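The values are calculated or read from the model by the stated rules, or taken from the named source; none is laboratory data. Quantities reported herein were computed from a predicted structural model and do not represent experimental measurements. Please note: Cβ atoms are built from the backbone with ideal geometry, for glycine as well, and neighbour counts cover all protein chains shown. We work out accessible area using only protein heavy atoms, side chains counted, and drop any ligands, DNA or RNA first. Shrake-Rupley method; radii C 1.70, N 1.55, O 1.52, S 1.80 Å.
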Amino acid sequence: MEDIFKNLPQHTCSWSKGRAIMYKYQGFWNDREFHKGAILAQLHFKAQPSDVLLCSCPKTGTTWLKALAFSIVTRKKFDVSTSPLLTTLPHNCIPFLEKHFNQILKKRENPLVGTHLPYGSLPKSVFDLKCKIVYIYRNIKDVMVSHYHYLRELANLSMEEAPFEEAFNEFCEGFSYYGPYWDHILGYWKAYLENPKNILFIKYEDLKRDSINNVKRLAEFIGYPFSTEEIKEGMVEKIINLCSFENLSNLEVNKNGMHHLIDASPIKNRYYFRKAKDGDWKNYFTHEMIENIDMLINQKLNGTGLVLTGPISRM
Ligand code: A3P
(Lines give C-alpha, C1' and ligand atoms only; values in the text may rest on other atoms or scores of the structure.)
Protein backbone atom coordinates (compact mmCIF):
# COMPACT_ATOMS: atom_id res chain seq x y z
CA MET A 1 0.00 0.00 0.00
CA GLU A 2 2.75 2.48 0.98
CA ASP A 3 4.47 1.96 -2.38
CA ILE A 4 1.41 3.27 -4.20
CA PHE A 5 1.79 6.67 -2.54
CA LYS A 6 5.46 7.09 -3.41
CA ASN A 7 4.68 7.71 -7.07
CA LEU A 8 1.39 9.59 -6.83
CA PRO A 9 0.99 13.28 -7.63
CA GLN A 10 0.96 15.12 -4.30
CA HIS A 11 -0.32 18.56 -3.34
CA THR A 12 -0.05 20.52 -0.11
CA CYS A 13 -2.70 23.23 0.18
CA SER A 14 -0.78 26.51 0.13
CA TRP A 15 -2.87 28.11 2.87
CA SER A 16 -2.77 25.13 5.26
CA LYS A 17 0.72 25.58 6.75
CA GLY A 18 1.61 22.12 5.53
CA ARG A 19 -1.37 20.49 7.26
CA ALA A 20 -3.63 19.65 4.31
CA ILE A 21 -1.83 17.19 2.02
CA MET A 22 -3.59 15.44 -0.85
CA TYR A 23 -2.70 12.67 -3.27
CA LYS A 24 -4.21 12.02 -6.67
CA TYR A 25 -5.24 8.44 -7.29
CA GLN A 26 -7.82 7.06 -9.72
CA GLY A 27 -8.33 10.60 -10.97
CA PHE A 28 -9.30 12.28 -7.72
CA TRP A 29 -7.55 14.08 -4.86
CA ASN A 30 -7.72 12.83 -1.32
CA ASP A 31 -6.06 12.42 2.00
CA ARG A 32 -3.82 9.34 2.19
CA GLU A 33 -5.95 7.48 4.73
CA PHE A 34 -9.12 7.99 2.71
CA HIS A 35 -7.38 6.70 -0.42
CA LYS A 36 -6.27 3.64 1.55
CA GLY A 37 -9.83 3.09 2.75
CA ALA A 38 -11.10 3.39 -0.81
CA ILE A 39 -8.59 0.84 -2.11
CA LEU A 40 -9.52 -1.62 0.66
CA ALA A 41 -13.22 -1.07 0.04
CA GLN A 42 -12.72 -1.78 -3.66
CA LEU A 43 -10.92 -5.01 -2.76
CA HIS A 44 -13.17 -6.27 0.02
CA PHE A 45 -16.65 -4.78 -0.09
CA LYS A 46 -19.27 -7.17 -1.41
CA ALA A 47 -22.53 -5.36 -1.99
CA GLN A 48 -25.94 -6.92 -1.41
CA PRO A 49 -28.66 -6.40 -4.01
CA SER A 50 -30.73 -4.47 -1.46
CA ASP A 51 -27.93 -2.01 -0.59
CA VAL A 52 -28.61 1.68 -1.12
CA LEU A 53 -25.54 3.87 -1.44
CA LEU A 54 -25.75 7.44 -0.16
CA CYS A 55 -23.14 9.19 -2.29
CA SER A 56 -21.84 12.75 -2.15
CA CYS A 57 -18.80 14.93 -2.31
CA PRO A 58 -17.90 16.30 1.13
CA LYS A 59 -19.72 19.49 2.22
CA THR A 60 -22.68 19.03 -0.10
CA GLY A 61 -25.27 17.89 2.46
CA THR A 62 -24.05 14.40 3.37
CA THR A 63 -24.88 14.74 7.07
CA TRP A 64 -28.43 15.84 6.30
CA LEU A 65 -29.00 13.11 3.71
CA LYS A 66 -27.73 10.45 6.13
CA ALA A 67 -29.99 11.70 8.92
CA LEU A 68 -33.05 11.73 6.65
CA ALA A 69 -32.40 8.35 5.06
CA PHE A 70 -31.65 6.77 8.44
CA SER A 71 -34.87 8.18 9.93
CA ILE A 72 -36.86 6.93 6.95
CA VAL A 73 -35.61 3.35 7.10
CA THR A 74 -35.78 3.05 10.91
CA ARG A 75 -39.09 4.85 11.49
CA LYS A 76 -40.94 1.69 12.52
CA LYS A 77 -38.27 0.87 15.09
CA PHE A 78 -37.76 4.33 16.60
CA ASP A 79 -40.04 7.30 16.86
CA VAL A 80 -38.69 10.82 16.92
CA SER A 81 -38.29 10.76 20.70
CA THR A 82 -36.22 7.56 20.72
CA SER A 83 -34.21 8.04 17.54
CA PRO A 84 -30.48 7.30 17.85
CA LEU A 85 -30.00 10.59 16.00
CA LEU A 86 -30.72 12.37 19.27
CA THR A 87 -27.53 11.01 20.77
CA THR A 88 -25.40 10.00 17.77
CA LEU A 89 -23.76 11.97 14.98
CA PRO A 90 -25.63 11.07 11.74
CA HIS A 91 -22.33 9.84 10.24
CA ASN A 92 -22.15 7.24 13.01
CA CYS A 93 -25.65 5.94 12.29
CA ILE A 94 -24.71 4.64 8.84
CA PRO A 95 -21.61 2.67 7.82
CA PHE A 96 -19.07 4.59 5.77
CA LEU A 97 -17.79 2.47 2.89
CA GLU A 98 -14.20 3.72 3.00
CA LYS A 99 -13.97 2.85 6.70
CA HIS A 100 -16.43 0.08 7.50
CA PHE A 101 -16.14 -2.14 4.39
CA ASN A 102 -15.41 -5.17 6.60
CA GLN A 103 -17.94 -4.37 9.25
CA ILE A 104 -20.72 -4.00 6.67
CA LEU A 105 -19.90 -7.46 5.42
CA LYS A 106 -20.52 -8.95 8.84
CA LYS A 107 -23.63 -7.10 9.90
CA ARG A 108 -26.13 -5.02 8.01
CA GLU A 109 -28.74 -3.38 10.20
CA ASN A 110 -30.33 -1.59 7.25
CA PRO A 111 -29.56 -1.22 3.53
CA LEU A 112 -27.81 2.16 3.81
CA VAL A 113 -24.11 2.64 3.10
CA GLY A 114 -22.49 6.08 2.85
CA THR A 115 -19.58 6.95 0.60
CA HIS A 116 -17.81 9.93 -0.90
CA LEU A 117 -16.20 7.85 -3.65
CA PRO A 118 -16.54 9.07 -7.24
CA TYR A 119 -18.85 6.92 -9.35
CA GLY A 120 -16.02 5.26 -11.28
CA SER A 121 -14.26 4.22 -8.06
CA LEU A 122 -17.20 2.44 -6.42
CA PRO A 123 -16.56 -1.26 -5.70
CA LYS A 124 -17.38 -3.49 -8.66
CA SER A 125 -20.14 -5.42 -6.87
CA VAL A 126 -22.19 -2.20 -6.63
CA PHE A 127 -22.37 -2.16 -10.44
CA ASP A 128 -22.77 -5.91 -10.82
CA LEU A 129 -25.79 -5.92 -8.52
CA LYS A 130 -27.15 -2.60 -9.80
CA CYS A 131 -27.43 -1.24 -6.26
CA LYS A 132 -29.51 1.89 -5.89
CA ILE A 133 -27.63 5.16 -5.48
CA VAL A 134 -28.78 8.45 -3.97
CA TYR A 135 -26.59 11.41 -4.90
CA ILE A 136 -26.80 14.77 -3.17
CA TYR A 137 -25.19 17.84 -4.73
CA ARG A 138 -25.05 21.53 -3.97
CA ASN A 139 -24.28 24.93 -5.36
CA ILE A 140 -20.53 24.80 -6.02
CA LYS A 141 -19.94 28.25 -4.53
CA ASP A 142 -21.40 27.25 -1.16
CA VAL A 143 -19.49 23.96 -1.30
CA MET A 144 -16.27 25.96 -1.72
CA VAL A 145 -16.95 28.03 1.37
CA SER A 146 -18.06 25.04 3.41
CA HIS A 147 -14.99 23.02 2.29
CA TYR A 148 -12.71 25.93 3.21
CA HIS A 149 -14.09 26.22 6.76
CA TYR A 150 -14.08 22.47 7.33
CA LEU A 151 -10.44 22.10 6.27
CA ARG A 152 -9.45 25.23 8.13
CA GLU A 153 -11.02 23.89 11.34
CA LEU A 154 -9.35 20.51 10.85
CA ALA A 155 -6.00 22.22 10.37
CA ASN A 156 -6.73 24.34 13.44
CA LEU A 157 -6.18 27.62 11.61
CA SER A 158 -7.94 30.95 12.03
CA MET A 159 -9.38 32.77 9.01
CA GLU A 160 -6.49 35.23 9.14
CA GLU A 161 -4.02 32.37 9.00
CA ALA A 162 -5.83 30.66 6.10
CA PRO A 163 -6.68 33.21 3.36
CA PHE A 164 -9.93 32.30 1.61
CA GLU A 165 -8.60 33.57 -1.72
CA GLU A 166 -5.91 30.89 -1.75
CA ALA A 167 -8.43 28.20 -0.86
CA PHE A 168 -10.70 29.48 -3.64
CA ASN A 169 -7.91 29.31 -6.23
CA GLU A 170 -6.96 25.81 -5.18
CA PHE A 171 -10.54 24.56 -5.33
CA CYS A 172 -10.81 26.04 -8.84
CA GLU A 173 -7.66 24.14 -9.79
CA GLY A 174 -9.39 20.95 -8.65
CA PHE A 175 -7.65 20.52 -5.28
CA SER A 176 -10.47 19.48 -2.97
CA TYR A 177 -11.23 16.27 -1.12
CA TYR A 178 -12.64 13.71 -3.59
CA GLY A 179 -12.37 16.47 -6.19
CA PRO A 180 -12.33 18.14 -8.61
CA TYR A 181 -15.93 18.64 -7.52
CA TRP A 182 -17.30 19.04 -11.06
CA ASP A 183 -15.76 15.68 -12.05
CA HIS A 184 -17.47 14.07 -9.05
CA ILE A 185 -20.89 15.43 -10.02
CA LEU A 186 -20.42 14.65 -13.69
CA GLY A 187 -19.45 11.04 -12.99
CA TYR A 188 -22.75 10.43 -11.22
CA TRP A 189 -24.70 12.61 -13.65
CA LYS A 190 -23.52 10.61 -16.67
CA ALA A 191 -24.40 7.37 -14.89
CA TYR A 192 -27.83 8.82 -14.10
CA LEU A 193 -28.42 9.74 -17.74
CA GLU A 194 -27.55 6.19 -18.75
CA ASN A 195 -29.70 4.60 -16.08
CA PRO A 196 -32.11 7.10 -14.51
CA LYS A 197 -34.01 4.43 -12.57
CA ASN A 198 -30.95 3.48 -10.56
CA ILE A 199 -29.81 6.89 -9.31
CA LEU A 200 -31.76 9.54 -7.45
CA PHE A 201 -30.30 13.04 -7.80
CA ILE A 202 -31.18 15.43 -4.97
CA LYS A 203 -30.17 19.06 -4.96
CA TYR A 204 -29.41 20.41 -1.46
CA GLU A 205 -31.21 23.66 -2.26
CA ASP A 206 -34.30 21.78 -3.50
CA LEU A 207 -34.34 19.67 -0.37
CA LYS A 208 -34.47 22.91 1.61
CA ARG A 209 -37.08 24.63 -0.53
CA ASP A 210 -39.42 21.66 -0.82
CA SER A 211 -38.48 19.27 1.95
CA ILE A 212 -41.79 17.40 1.97
CA ASN A 213 -41.79 16.30 -1.65
CA ASN A 214 -38.09 15.55 -1.72
CA VAL A 215 -38.24 13.45 1.45
CA LYS A 216 -41.17 11.54 -0.05
CA ARG A 217 -39.16 11.00 -3.25
CA LEU A 218 -36.22 9.78 -1.19
CA ALA A 219 -38.36 7.35 0.84
CA GLU A 220 -39.98 5.95 -2.27
CA PHE A 221 -36.69 5.53 -4.08
CA ILE A 222 -34.97 3.67 -1.26
CA GLY A 223 -37.94 1.34 -0.95
CA TYR A 224 -39.57 2.70 2.22
CA PRO A 225 -42.48 4.80 0.87
CA PHE A 226 -44.75 6.61 3.32
CA SER A 227 -48.27 5.15 3.58
CA THR A 228 -51.33 7.39 3.28
CA GLU A 229 -51.87 6.86 6.99
CA GLU A 230 -48.32 8.01 7.82
CA ILE A 231 -48.70 11.07 5.63
CA LYS A 232 -51.97 11.96 7.40
CA GLU A 233 -50.31 11.53 10.79
CA GLY A 234 -47.54 13.96 9.82
CA MET A 235 -44.71 11.40 9.74
CA VAL A 236 -42.92 13.22 6.90
CA GLU A 237 -42.90 16.51 8.81
CA LYS A 238 -41.76 14.75 11.99
CA ILE A 239 -38.74 13.31 10.18
CA ILE A 240 -37.96 16.65 8.54
CA ASN A 241 -38.04 18.39 11.92
CA LEU A 242 -35.93 15.73 13.59
CA CYS A 243 -33.27 16.07 10.86
CA SER A 244 -33.41 19.86 10.55
CA PHE A 245 -30.23 21.82 10.97
CA GLU A 246 -31.78 23.71 13.89
CA ASN A 247 -32.59 20.50 15.73
CA LEU A 248 -29.46 18.47 15.00
CA SER A 249 -26.97 21.30 15.47
CA ASN A 250 -28.37 22.04 18.94
CA LEU A 251 -28.09 18.51 20.26
CA GLU A 252 -25.43 17.96 22.89
CA VAL A 253 -23.76 15.20 20.85
CA ASN A 254 -23.37 17.46 17.83
CA LYS A 255 -22.35 20.54 19.82
CA ASN A 256 -19.74 18.95 22.04
CA GLY A 257 -19.18 15.37 20.86
CA MET A 258 -16.20 13.99 18.97
CA HIS A 259 -15.86 11.14 16.52
CA HIS A 260 -13.19 9.22 14.64
CA LEU A 261 -13.30 9.62 10.92
CA ILE A 262 -10.83 7.27 9.32
CA ASP A 263 -7.57 7.67 11.18
CA ALA A 264 -6.80 7.89 14.87
CA SER A 265 -7.33 11.62 15.45
CA PRO A 266 -10.75 12.57 16.82
CA ILE A 267 -12.81 15.26 15.09
CA LYS A 268 -15.33 17.61 16.64
CA ASN A 269 -18.88 16.79 15.57
CA ARG A 270 -19.75 20.47 15.36
CA TYR A 271 -17.57 20.79 12.24
CA TYR A 272 -20.45 19.18 10.33
CA PHE A 273 -22.89 21.88 11.42
CA ARG A 274 -21.79 25.35 10.47
CA LYS A 275 -24.44 27.69 9.01
CA ALA A 276 -26.41 25.64 6.46
CA LYS A 277 -27.26 28.85 4.59
CA ASP A 278 -27.84 29.02 0.85
CA GLY A 279 -25.77 31.81 -0.64
CA ASP A 280 -23.28 32.22 2.22
CA TRP A 281 -20.64 32.44 -0.53
CA LYS A 282 -21.73 36.06 -1.11
CA ASN A 283 -19.93 36.95 2.11
CA TYR A 284 -16.63 35.66 0.70
CA PHE A 285 -16.47 36.08 -3.08
CA THR A 286 -15.05 39.15 -4.82
CA HIS A 287 -16.40 40.20 -8.23
CA GLU A 288 -13.36 38.64 -9.83
CA MET A 289 -13.96 35.35 -8.05
CA ILE A 290 -17.58 35.31 -9.20
CA GLU A 291 -16.50 35.86 -12.80
CA ASN A 292 -13.84 33.17 -12.59
CA ILE A 293 -16.02 30.52 -11.00
CA ASP A 294 -18.99 31.23 -13.29
CA MET A 295 -16.69 30.83 -16.28
CA LEU A 296 -15.28 27.61 -14.87
CA ILE A 297 -18.70 26.12 -14.06
CA ASN A 298 -19.87 27.03 -17.53
CA GLN A 299 -16.81 25.49 -19.12
CA LYS A 300 -17.08 22.26 -17.13
CA LEU A 301 -20.84 21.71 -17.16
CA ASN A 302 -22.04 23.38 -20.34
CA GLY A 303 -23.91 20.94 -22.55
CA THR A 304 -24.16 18.26 -19.88
CA GLY A 305 -27.77 19.09 -19.01
CA LEU A 306 -26.78 19.55 -15.37
CA VAL A 307 -28.06 22.86 -14.04
CA LEU A 308 -25.70 24.40 -11.56
CA THR A 309 -25.49 27.80 -13.19
CA GLY A 310 -28.32 30.32 -13.44
CA PRO A 311 -30.48 30.71 -10.37
CA ILE A 312 -28.62 28.12 -8.32
CA SER A 313 -25.07 29.41 -8.76
CA ARG A 314 -26.23 32.99 -8.32
CA MET A 315 -28.09 32.37 -5.08
P1 A3P B 1 -22.17 24.97 5.65
O2 A3P B 1 -20.72 24.80 5.86
O3 A3P B 1 -22.50 25.78 4.43
O4 A3P B 1 -22.90 25.47 6.84
P5 A3P B 1 -21.56 17.61 4.68
O6 A3P B 1 -22.59 17.06 5.57
O7 A3P B 1 -21.60 17.05 3.30
O8 A3P B 1 -20.22 17.60 5.30
O9 A3P B 1 -21.94 19.14 4.46
C10 A3P B 1 -21.87 20.05 5.52
C11 A3P B 1 -22.79 21.21 5.19
O12 A3P B 1 -24.15 20.82 5.40
C13 A3P B 1 -22.52 22.38 6.11
O14 A3P B 1 -22.81 23.54 5.35
C15 A3P B 1 -23.54 22.14 7.21
O16 A3P B 1 -23.84 23.28 7.97
C17 A3P B 1 -24.73 21.65 6.41
N18 A3P B 1 -25.66 20.83 7.19
C19 A3P B 1 -25.37 19.95 8.18
N20 A3P B 1 -26.48 19.42 8.68
C21 A3P B 1 -27.51 19.94 8.00
C22 A3P B 1 -28.94 19.78 8.08
N23 A3P B 1 -29.48 18.98 8.97
N24 A3P B 1 -29.69 20.49 7.22
C25 A3P B 1 -29.14 21.32 6.31
N26 A3P B 1 -27.81 21.53 6.20
C27 A3P B 1 -26.99 20.85 7.04
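Things to note:
- R0 of 30 Å, Cβ-Cβ distance residue 246-residue 130: FRET efficiency to nearest 0.05: 0.20
- Overall form of the stretch 173-251 per C-alpha gyration tensor (a/c, 1.5; a/b vs b/c): oblate
- Rounded, prolate or oblate (a/c below 1.5 giving rounded, otherwise prolate when a/b exceeds b/c) for the chain by Cα gyration tensor: rounded
- Among 145-152, 119-126, the order from most to least packed when residues are scored by Cβ within 10 Å on average: 145-152, 119-126
- Separation between Cα centres of the stretch 86-152 and the stretch 161-192, rounded to whole Å: 17
- The stretch 243-305: equivalent-ellipsoid semi-axes (sqrt of 5 x gyration tensor eigenvalues, Cα, Å): 33, 16, 13
- Taking only protein heavy atoms and a 1.4 Å probe, the accessible area of the chain is 51% carbon and sulfur.
- In this rough spin-label picture, where each label sits 7 Å from Cα along the Cβ direction, the residue 107-residue 231 distance is 3.7 nm.
- Exposed loop sites here are GluC sites (Glu not before Pro) assigned a DSSP state other than H, G, I, E or B and surrounded by at most 13 other beta carbons within 10 Å; excluding them, the longest clear run of the chain is 1-108.
- Shown in residue order for the stretch 238-244 are the 3J(HN,Hα) couplings computed by the Karplus curve 6.51 cos²θ - 1.76 cosθ + 1.60 at θ = phi - 60°: 4, 5, 4, 5, 4, 8, 5 Hz (x for Gly and Pro).
- As a length-normalised measure over Cα pairs under 8 Å and 6 or more apart, the relative contact order of the chain settles at 23 percent.
- Out-of-range pairs (alpha-carbon distance over 28 Å; input 132/300; 99/190; 76/197; 46/277; 203/282; 216/282): 46/277; 216/282
- Solvent exposure of the chain, expressed per residue, is 46 Å² of accessible area, with all protein chains present and a 1.4 angstrom probe.
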